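Here's the structure we're looking at; comments come further down.
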Amino acid sequence: MGETTPPTTEPPPLGLYVHLPWCVRKCPYCDFNSHALRGELPSDDYVDALLRDLDYEAASAEGRPVETVFFGGGTPSLFPAEAIARFMDGLRARVPLAADAEITLEANPGAFEQARFEGFRAAGINRLSIGVQSFHGEQLHALGRVHGAEEALGAVAAARAAGFDNINLDLMYALPGQNRAQALADVEQAIALAPEHLSHYQLTLEPGTAFAARPPRLPDPDEAWAIQEACQARLAEAGYQHYEISAYARPGRRARHNLNYWLFGDYLAVGAGAHGKLSDAGSERITRRTRLRLPRAWQQAAGGPQALAEEREVSREDRVLEFMLNALRLTEGFPRELMLARTGLASEDFAAPLAQARARGWLAIENGHIRPTTEGLNWLNDLQALFLPRQP
């Protein structure tokens, strides 16, 4: 299966998610736990709280090495490089960090400086994810972004100059007022920048966002589908492997942190609103933890269980759905043995919905490998719904 993790009886790979919740302005489509910055960024106090939170989390990791780190937000690039460096020093002092760890930081073109990128690189960040979204000023304005096309180009140039050789660009399509030619022009410009990875996903109106309350006029579903197909074809022609429903990569440059999510791996999580997952091979328990969402409340509680908004054990029934919600997004699929090892379940737990999906032509199962068909990817929500827990 290429770069996906082979079946194993050992605990799954362990990542670390670090949530930095502030941004310059809340985008109208964003449903993440992000907060517009008012006043001075409390970077020092927040890093102190992150390290306290990490002390609490690390106790559950039992010495397992962290193989990937992801700083998400919000806009992590708002933080000074010195703050990121201090966290990375604290991380290395608390948990084993794999020598080849993939360490990603999200950056917005409207919140970068050349020296800051150089500082991030010196701190150990080796992968940048830059939220371009579009290269058209009209669409960027409609999305409420704080940057323009020139800033997007400048951010990529600055990242290269700082020594980054692993860059992801985030692009969205089916934007307000966007037509197929504009969407393809965005992809063409992205290809010209030669990123190692591209995230290309459709704008959706999420509950609780400004766009959900006041929906903009978007391309109709047929046009959105035509845009998607045209962009997929162009990215394939340019040599980008379409390995996940909205992710494309050069060979050897798939997002290891995200692959760990999609294949039901484990990940510690620190920061306001962060979500984590841990497996205990001895007890066969899988536990999810969610932290308090509001930054001030989380900071005050960080370092103990009081910082948790929820801690729950994932039931055997829910493991079937949770595994499939993620793994079915992978275009190449996954080995059956990995599915069983990661969930701690038996083949019988998956048998009925797998048979249904195969009968509908949505899954191909060959030599112990399970893969969504093109039709299955086209009807992904319906395919995933087959794995919902059965009602008693």
(request) Pairs only if they're at least six apart or on different chains, beta carbon under 6 angstrom, first in the range 136-160 and under 19 Å from Cys30 (Cα atoms), second open to solvent by 50 Å² or more (accessible area, probe 1.4 Å) and β-branched (Val, Ile, Thr); list them, first residue then second. (result) Val146/Val24
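Specify the residue that is surrounded by the most Cβ atoms within 10 Å (Cβ to Cβ); the eligible residues are those in the range 12-49 that are of a type in the set (A, V, I, L, M) and assigned to a strand (DSSP E or B). Steps first, please.
Let us first name the residues in the range 12-49 that are of a type in the set (A, V, I, L, M), namely 14, 16, 18, 20, 24, 36-37, 41, 47, 49.
Right, trim to assigned to a strand (DSSP E or B) and you get 14, 16, 18, 20, 36.
Values: Leu14: 23, Leu16: 27, Val18: 26, Leu20: 29, Ala36: 11.
Per the criteria, the residue is Leu20.
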(request) Could you please find all residues in the range 89-121 being out of contact with any helix residue (DSSP H, G or I) (no Cβ under 7 Å at 6 or more places or on another chain) and among the small types (Gly, Ala, Ser)? (result) Ala93, Ala98, Ala99, Ala101, Ala115
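Could you tell me whether Arg342 is surrounded by 15 or more Cβ atoms within 10 Å (Cβ to Cβ), more than 26 Å from Gly74 (Cα to Cα) and among the basic types (Lys, Arg)? Reasoning before the result, please.
Details: surrounded by 15 or more Cβ atoms within 10 Å (Cβ to Cβ): yes; more than 26 Å from Gly74 (Cα to Cα): yes; among the basic types (Lys, Arg): yes.
Considered against the rule, which asks whether it is surrounded by 15 or more Cβ atoms within 10 Å (Cβ to Cβ), more than 26 Å from Gly74 (Cα to Cα) and among the basic types (Lys, Arg), Arg342 comes out as yes.
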(message) Considering only the range 75-93, I want to know if a residue exists there that is open to solvent by less than 30 Å² (accessible area, probe 1.4 Å) and assigned to a loop (DSSP other than H, G, I, E, B).
(response) yes
(request) Give the residues of the range 94-131 that are in a loop (DSSP other than H, G, I, E, B) and of a type in the set (Asp, Glu), sorted by residue number. (result) Glu113
(request) Tell me which residues, restricted to the range 210-240, are of a type outside the set (Asp, Glu) and either in a loop (DSSP other than H, G, I, E, B) or touching a residue at least 60 places away in the same chain (Cβ under 8 Å) (or both). (result) Ala210, Phe211, Arg214, Pro215, Pro216, Arg217, Leu218, Pro219, Ala238, Gly239, Tyr240
(message) Restricting to the range 106-152, and then to whatever is open to solvent by 30 Å² or more (accessible area, probe 1.4 Å), of a type outside the set (D, E, K, R) and modelled with pLDDT of 90 or more, can you tell me which residue is nearest to the chain's Cα centre (by Cα)?
(response) Asn126
(request) Could you please give the count of residues in the range 214-270 that are touching a His at 6+ places or on another chain (Cβ under 9 Å), closer than 24 Å to Leu193 by Cα and of a type in the set (Gly, Ala, Ser)? (result) 5
(message) For Asp55, only one of the following conditions fails: (1) assigned to a loop (DSSP other than H, G, I, E, B); (2) within 25 Å of Leu14 (Cα to Cα); (3) open to solvent by 40 Å² or more (accessible area, probe 1.4 Å). What is its number?
(response) (1)
(request) Kindly list, by first and then second residue, each pair from a residue in the range 330-350 that is at negative phi to a residue that is of a type in the set (A, V, I, L, M, F, W, C) and surrounded by fewer than 18 Cβ atoms within 10 Å (Cβ to Cβ), limited to pairs with Cβ atoms under 6 Å and residues at least 6 apart or on different chains. (result) Glu332/Met1
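What tally of residues in the range 363-392 results from selecting those that are open to solvent by less than 30 Å² (accessible area, probe 1.4 Å), part of a loop (DSSP other than H, G, I, E, B) and more than 18 Å from Ser347 (Cα to Cα)?
Initially, the range 363-392 is screened for residues open to solvent by less than 30 Å² (accessible area, probe 1.4 Å), giving 363-365, 368, 370, 372-373, 376, 380, 383-384, 386-387.
When the remaining residues are screened for being part of a loop (DSSP other than H, G, I, E, B), the result is 368, 373, 386-387.
With the extra rule that they be more than 18 Å from Ser347 (Cα to Cα), the set shrinks to 373.
Number of matching residues: 1.
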(request) Could you tell me whether any residue of the range 241-253 is open to solvent by less than 40 Å² (accessible area, probe 1.4 Å) and in a loop (DSSP other than H, G, I, E, B)? (result) yes
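The values are calculated or read from the model by the stated rules, or taken from the named source; none is laboratory data. What you see is a predicted model, and the numbers here were worked out from it, not measured in a lab. Because the Cβ atoms are built from the backbone with ideal geometry, glycine has one as well, and the counts that use them run over all protein chains shown. Side chains included, ligands, DNA and RNA excluded: accessible areas come from the protein's heavy atoms. Shrake-Rupley method; radii C 1.70, N 1.55, O 1.52, S 1.80 Å.
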